[in-house]
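Contents: one structure, followed by commentary.
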Amino acid sequence: MIHAQSGVYEQSENDRLQILDADGNVRPDAEVPDLSEEEILAMYEALVLSRRFDQRAISLQRQGRIATYAPMTGQEGSQVATSYALDEADWLFPTYRDHAAKHVHGMSLSSLLAPLRGYREGYAIPEDVNVMPEYIPIATQIPQAMGMAWGFKLQGQSDRAVLCHFGDGATSEGDFHEGLNFAGVFDVPVVFMCNNNQWAISTPRERQTQSETLAGKADAYGIESIRVDGLDPLAVYKATRAAVRKAKDPGPGEGRPTLIESIQYRFGAHTTSDDPSVYRPEDEPEYYRKRDPVDRLKGYLENEGILTEERQEAIQSRSDERIEAAIEEAESLEADPDDIFEHVYSELPDRLADQRDQLNELREKYGDDAFSEVLE
Ligand SMILES: Cc1ncc(C[n+]2csc(CCOP(=O)(O)OP(=O)(O)O)c2C)c(N)n1
Ligand SMILES: [Mg+2]
């Protein structure tokens, strides 16, 4: 049902996979995924860590210690769950907002921060981690992820799947349609993960497309799709795990792609350069806050008697310690100002070569330490 007012569009909840209700109780008709207590507790710890990381990263940006940052609060529950559903050999294609997904699939916390301090090597793919550098041009990762997965299929690497994150806004890009069409025709082992956070900067979901659902777009390409409550980490895990299995462990038929629409909410700003109060009704986040993924999984673990106060405190202080250590590590890395002139042009245009020379003259004259003061 389409409502005229933004943000209330997604408030009917009977149209998506849910395991936990808003308070973390298991819904009567739902089956909890096959995970041990330790695994669910570890997932919860990753949620607490991600929420705290987000708060610290925003504060670092405000202090001028990192560049523009894309907050993920409200979306980390879905991110953590999707990466938990991957096997180590699987590849992840993240966007600029998928910090928690990257970390759970193997990126260190400091490597999430280092590129935001201009440290070029921070964008390199670590040798044993299957995470691509984050994609900023919207939807460009979709055909690329599909291509990697198709390559695995052609090489007979049937133990690998590729999971590709993108937002609701990305579904309006040509790349989305090309990627899905190709995946459908060639039975590519890829999982398309649409993080529908209701907004593409200031464009609300109902102005993005007249389609009733984003998942429904898969029908055009003969791809199966599922809508899942993206504020319910257990439901996201279940849907993603099933899609990953279907992609790479096909049994007698062929592995097939899936489009997952994970219905979430962006609690914060688009990035630290954005101010949602100029385009978003003030009370809109309230509905979603009552379904906060961190509180919800916490509620479940408390109901089950798994999460004691002592455990909660230990999780909290471990998370804080790990984040502070990561900040220290990221801040100890030296970025080379010359790097800003690299890797865009094979031959530097004259005007940029002039700018580089000017920069180096200043560096020589004042030294790198004084350099930041000169800029101020
Ligand atoms: C091809 C392209 N066009 C425009 C932009 C500018 N831009 C950056 S983020 C964004 C909104 C994307 O929204 P969505 O796909 O819903 O992802 P979200 O930021 O909500 O996670 C736009 C238009 C871009 N980065 N790339
Ligand atoms: Mg969005």
- Query: Scanning for something within 16 Å of ligand 1 (Cβ to nearest atom), buried (at least 24 other Cβ atoms within 10 Å of the Cβ) and of a type in the set (D, E, K, R), does the range 198-210 turn up at least one residue?
  - Reply: no
- Query: Based on what the data block shows, is Arg280 open to solvent by 10 Å² or more (accessible area, probe 1.4 Å) and more than 16 Å from ligand 2 (Cβ to nearest atom)?
  - Reply: no
- Filtered residue count, the range 346-360, keeping only those that are open to solvent by 50 Å² or more (accessible area, probe 1.4 Å) and under 16 Å from Arg120 (Cβ atoms): 1
- Message: I'd like the residue in the range 49-108 that is of a type in the set (Val, Ile, Thr) and within 20 Å of Asp320 (Cα to Cα) and, out of all such residues, is surrounded by the most Cβ atoms within 10 Å (Cβ to Cβ).
- Response: Val80
- Determine whether Leu301 is at pLDDT 95 or above, at negative phi and in contact with an Asp or Glu (Cβ under 9 Å, 6 or more places away or on another chain). yes
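Conditions (1) within 16 Å of ligand 2 (Cβ to nearest atom); (2) open to solvent by 20 Å² or more (accessible area, probe 1.4 Å); (3) at pLDDT below 95, marked per residue:
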position: Arg120; (1), (2), (3): no, yes, yes
position: Ile125; (1), (2), (3): no, yes, yes
position: Asp128; (1), (2), (3): no, yes, yes
position: Val131; (1), (2), (3): no, no, no
position: Pro137; (1), (2), (3): yes, yes, no
position: Pro143; (1), (2), (3): no, yes, no
position: Met146; (1), (2), (3): no, no, no
position: Val162; (1), (2), (3): no, no, no
position: Phe166; (1), (2), (3): yes, no, no
- Message: Taking the conditions exactly as written (among the small types (Gly, Ala, Ser), assigned to a helix (DSSP H, G or I) and in contact with a Gly (Cβ under 9 Å, 6 or more places away or on another chain)), does Ala314 satisfy them or not?
- Response: no
- Residue list for the range 228-258, filter: within 16 Å of ligand 1 (Cβ to nearest atom) and either aliphatic (A, V, I, L, M) or open to solvent by 10 Å² or more (accessible area, probe 1.4 Å) (or both): Leu231, Val236
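The values are calculated or read from the model by the stated rules, or taken from the named source; none is laboratory data. Since the structure is predicted, the reported quantities are computational estimates derived from the model, not experimental observations. Glycine also receives a Cβ, built like all others from the backbone with ideal geometry; neighbour counts cover every protein chain displayed. Note: accessible area is taken over every heavy atom of the protein model, side chains too, but ligands, DNA and RNA are not part of it. Shrake-Rupley method; radii C 1.70, N 1.55, O 1.52, S 1.80 Å.
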